[in-house]
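*Asks:* Could you have a look at this structure, given as structure tokens, before my questions?
No value in this document is a laboratory result; all are computed from the given coordinates. Quick caveat, the model's predicted, so the values are computed rather than measured. Neighbour counts run over all protein chains shown; Cβ positions are idealised from the backbone, glycine included.
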2 protein chains.
Amino acid sequence: MKTIKIGLVGFGTIGTGVAKLLLLHKERISRRTGFDVQLVKIVDTDLARDRGIPLPEGILSADYHDILNDPEVSIVVQLIGGTGIERTIMLEMLAAGKNIVTANKALLATHGEEIFEAARQKNASVAFEAAVGGGIPIIAAIAESLAANEIQSIHAILNGTCNFILSNMEEHGSSYASTLKEAQRLGYAEANPAMDVEGMDTAQKLAILSHIAFGVNPDWKQIPRIGIETVDGVDFRYANMLGYSIKLLAIARRIKASDGEMDRLELSVSPTLVSKSSPLGDVKGAFNAVSVIGDAVGHSFYYGLGAGEMPTASAVVADVIDTIVGRTKITFDTLELWNPSRKVRSDIQLAAPESVVGKYYLRVLVEDRAGVMAEVANALGSSGISIASLIQEGTSDEDNRFVQLIIMTHETTEGAVDGAVEKLSHLDCVKSDIIRMRIYDEK
Amino acid sequence: MKTIKIGLVGFGTIGTGVAKLLLLHKERISRRTGFDVQLVKIVDTDLARDRGIPLPEGILSADYHDILNDPEVSIVVQLIGGTGIERTIMLEMLAAGKNIVTANKALLATHGEEIFEAARQKNASVAFEAAVGGGIPIIAAIAESLAANEIQSIHAILNGTCNFILSNMEEHGSSYASTLKEAQRLGYAEANPAMDVEGMDTAQKLAILSHIAFGVNPDWKQIPRIGIETVDGVDFRYANMLGYSIKLLAIARRIKASDGEMDRLELSVSPTLVSKSSPLGDVKGAFNAVSVIGDAVGHSFYYGLGAGEMPTASAVVADVIDTIVGRTKITFDTLELWNPSRKVRSDIQLAAPESVVGKYYLRVLVEDRAGVMAEVANALGSSGISIASLIQEGTSDEDNRFVQLIIMTHETTEGAVDGAVEKLSHLDCVKSDIIRMRIYDEK
């Protein structure tokens, strides 16, 4: 049996899971590859902390050059977050001809072209199943299993922290602030939760998925994005009355063009009302899920743990196996990922955000007096928005002066909603910010 | 661009879908493979029926030798059901060195070793994603994406006909017989529905999945199997009261052995109470779904259309693409599928059906008189079965002489339930057959 030597950069949560699989379940990996797979070096800045695994002597190092300069190491598993030194290390590893397995979504979403060009230069490969959806094999599903399809849409819950917070707010009727604190205490949210709760992590993952599914290469920072800190506990109650849950949804949706024009691609990340009776609407806690519609396969749905030590390690080690047996190289050569000089151009271009069509949930606090409903209806109607349903509910203020209006619109454009919100905000009868969320009715 | 020539045997529903993708979306397949992929011959006994696709002249043939004897055809898509002439044709195609893509689960479940041996002899490959779960990429998920895991269990809804019938019985409170008729009228069930409703189709698919996930090679006919014709409308009502739906569930579950002994594998196909709040319990209509638990990934779940022209064609053409680019060959060489002389033996053996542990739902019609409950409880207790919950409900017979007892047990063995049912059936107070179903509580 031939030997394959592996180096691991990053001995944090996921790195520990990967080391467990490679060291403690070595025979399993050998069985699936036909090779004696040896983890020979683990690099991290913290060599003191006990990770709870018996480690072969001399395997730890604080210097990634110990991997870079070892010509026998052909695969580097790079599990450090960020786009600074992490980019440098990956480019150096690729320049040395090593194959990369990574979970670093920020790096791929930001420097994909540079990294894949470096890989192509040395005929090496980059595998990144773990970068999106943790243990869910969504990269493989879209890149390989659904390859016969024209993908129509992807609707996905890609951040376990946000879904944990939203699920808990929904279940316990608690506020965003207190639920975030609880999530931090339990280790589901970081001390600085901005990347998660502001939707940046989700936008990076969506950029990667849309590259694979649609061939576009969007700047993830330009993807329209709303975080979950805007969601109020009361919205869960109204959403529930209407049959919906609220999820931080990443959307990539093909908008078919008339003949001779290019299809457009809608990309967005925002808290969205999702029908409770759909698979996506039922995703609770730290789980992730991806709903893919293809023109041949119809609706398909993938669900699993999107983060955590072992689920993510499962995806990383699957990539290690794919890299060893040669599947990774085939897939990414064929798909010409992040290759600006690719032979086949994408047949789609990004849609202008204001042109995107959808249904919306609006909530606004208004004065409870005659004529108010007409003013609100007029602001919507004159923006070209048609009302599908409306709930009016009294508030508990002392004098019953205010009521909440909850409006569900028929299909309209993001631009029309912008216009309506602008008009509403100038009405004297409107006494709050206008809360707006997309609605997704899965067929 | 190099050319790849494809032959299609079987121009029925799925064959038509495959021809649509290969002929009408040729550029898509070429983009994903880097080859000019040409469907050059379609063989079927019915050449007259209009399939609604414009066909190149001369592409149709009634004789599979037109494909067999064309040395330029390197991939044969074989989409005919059955294990007679279909086996002969496949073996001849393989002997001629052609690579096979098929959806024929019966053939693989029955003659897997012979077929894969024929493929190995000629260094050819056999791809069969479409044989299980239609458009759901469950073969790829288990064989590749979850390769780092020891699979703990598979719980799956693998037959759209049965799920359609059960969903409709549940929704409309209708009888099995009338729902089957409706399913036949709508084309969801065949005139002779035995393969579907008796669970044979599901058992074949389970045999294939368990070969890939656990390395076992069970005789599908030996898998303990109960069909859906035993399910009564009233059971949906009681299941619902208890928070469950009823699904025809295929189960493959690893039972961990103590040190030094081999793990055991439970295999079964039967109508099962599935918690409504779990993803599997929520699968409606003709959809299929597979819930996989791996020791690293934890719970993962895959959902989609399990049958039909285009969903199944999506899986078939993904296999065609995988075969062209070389992924299929790598995967099945590495996994040594259906290779009796495989280097790595399975670490598991089939469990004796009576030793399988689970919770059960029992329904029995008994006389409504003093002492009956004690007799029933005694029959269960003396079989070692502990009652978790019990519902007693009067019946609408004129004299109120009978009551329905609905019993949920704690964990027990299949053998203990066999014993209890035997004892119950001999009690004078018991006035009906005893209905029994497994209960699956997904964690």
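*Asks:* Could you check the spin-label model distance between A:Asp418 and A:His172? Points 7 Å from the Cα along Cα→Cβ, value in nm.
*Replies:* 3.8 nm
*Asks:* Measuring from label point to label point, each 7 Å out along Cα→Cβ, what is the A:Ala370 to B:Ser382 span in nm?
*Replies:* It works out to 8.2 nm between the two label points.
*Asks:* Which entries in the list A:Lys98/B:Lys26; B:Lys105/B:Lys343; A:Lys105/A:Lys343 go over 29 Å, if you measure between the two C-alpha atoms of each? If you can, show how the numbers build up before the last one.
*Replies:* On the way: A:Lys98/B:Lys26 35 Å; B:Lys105/B:Lys343 25 Å; A:Lys105/A:Lys343 25 Å.
Exceeds cut-off: A:Lys98/B:Lys26.
*Asks:* Given +1 on the Cβ of Lys and Arg, -1 on the Cβ of Asp and Glu, and no further charges, what dipole in debye does the range A:33-108 carry about its Cα centre, rounded to the nearest 20? Kindly include the intermediate steps, with their values, before the conclusion.
*Replies:* Working: 6 positive and 11 negative charges, 72 e Å.
Result for the range A:33-108 is approximately 340 debye, rounded to the nearest 20.
*Asks:* Give the long-range amide H neighbours of B:Thr395: residues separated by 5 or more places, or on another chain, with amide H under 5 Å away, using H modelled in the peptide plane at 1.01 Å from N.
*Replies:* B:Phe402, B:Gln404
*Asks:* Is there a quick way to get the dipole size of the protein assembly as shown? I mean about its Cα centre, with the Cβ of Lys and Arg at +1 and of Asp and Glu at -1; what is the value in debye to the nearest 20?
*Replies:* The dipole of the protein assembly as shown has a size of about 1540 debye.
*Asks:* Only counting other Cβ atoms within 10 Å, I'd like A:Ile100, A:Ile385, B:Ile59 sorted with the fewest neighbours first. Please report the intermediate quantities before stating the final value.
*Replies:* Numbers: A:Ile100 26, A:Ile385 22, B:Ile59 16.
Ordered by Cβ neighbours within 10 Å, fewest first: B:Ile59, A:Ile385, A:Ile100.
*Asks:* So which trypsin sites (Lys or Arg not before Pro) in the range A:288-342 end up in coil per DSSP with only 11 or fewer other C-beta atoms within 10 Å? Don't skip to the answer; put the middle values down first.
*Replies:* Working: sites: A:Arg327, A:Lys329, A:Arg342; in loops: A:Arg342.
Nothing satisfies the criteria.
*Asks:* Please report B:Thr272, A:Thr331, B:Thr13 as a ranked list, fewest other C-beta atoms within 10 angstrom at the top and most at the bottom.
*Replies:* Numbers: B:Thr272 27, A:Thr331 23, B:Thr13 17.
Ascending number of Cβ neighbours within 10 Å: B:Thr13, A:Thr331, B:Thr272.
*Asks:* State the antiparallel share, in %, of DSSP beta bridges confined to chain B, rounding to the nearest 5.
*Replies:* Numbers: 52 of 79 bridges.
About 65 percent, rounded to the nearest 5.
*Asks:* Please work out the FRET efficiency for the pair A:Asp347 and B:Leu55, using the Cβ-Cβ distance as r and a Förster radius of 22 Å; give the result to the nearest 0.05. Intermediate values should be presented prior to the final figure.
*Replies:* Working: r = 26 Å, r/R0 = 1.16.
With a Förster radius of 22 Å, E is 0.30.
*Asks:* Another question, then. Does the protein assembly as shown classify as rounded, prolate or oblate by the C-alpha gyration tensor (a ≥ b ≥ c root eigenvalues; a/c under 1.5 gives rounded; else a/b over b/c gives prolate, otherwise oblate)?
*Replies:* On the way: a/c = 1.31, a/b = 1.02, b/c = 1.29.
Rounded.
*Asks:* For chain A, just say rounded, prolate or oblate: build the C-alpha gyration tensor, square-root its eigenvalues into a ≥ b ≥ c, call rounded for a/c under 1.5, and beyond that prolate if a/b exceeds b/c, oblate if not. Don't skip to the end; give the middle numbers.
*Replies:* On the way: a/c = 2.65, a/b = 1.82, b/c = 1.45.
Since a/c reaches 1.5 and a/b is larger than b/c, the shape of chain A is classed as prolate.
*Asks:* Relative contact order of the range B:123-276, please, whole-number percent, based on alpha carbon pairs below 8 angstrom and at least 6 residues apart. Please report the intermediate quantities before stating the final value.
*Replies:* Values: 222 pairs, mean separation 39.3, N = 154.
Over the range B:123-276, the number comes to 26 percent.
*Asks:* Right, another one. So for the protein assembly as shown: antiparallel DSSP bridges make up what percent, rounded to the nearest 5?
*Replies:* On the way: 108 of 162 bridges.
That works out to approximately 65 percent antiparallel.
*Asks:* Separation between the B:Gln222 and B:Asp63 pseudo-spin-labels, each 7 Å from Cα along Cα→Cβ, expressed in nm?
*Replies:* With each label placed 7 Å out from Cα toward Cβ, I get 4.3 nm.
*Asks:* From the backbone phi of the range B:201-214, what are the Karplus-calculated ³J(HN,Hα) couplings (6.51 cos²θ - 1.76 cosθ + 1.60, θ = phi - 60°) in whole Hz, Gly and Pro given as x?
*Replies:* Using θ = phi - 60°, the values come out as 4, 5, 5, 5, 5, 5, 4, 5, 4, 6, 5, 6, 7, 10 Hz.
*Asks:* Then there is this: Find the relative contact order for chain A and round it to a whole percent, using C-alpha pairs within less than 8 Å whose residues are 6+ positions apart. Working shown, then result.
*Replies:* Working: 899 pairs, mean separation 71.2, N = 443.
Taking the mean separation of contacting Cα pairs over the length of chain A, I get 16 percent.
*Asks:* Relative contact order for the range B:52-186: what percent, with Cα pairs under 8 Å and sequence separation of 6 or more? Can you show the working numbers first?
*Replies:* On the way: 117 pairs, mean separation 20.7, N = 135.
Averaging sequence separation for qualifying contacts and normalising by length gives 15 percent for the range B:52-186.
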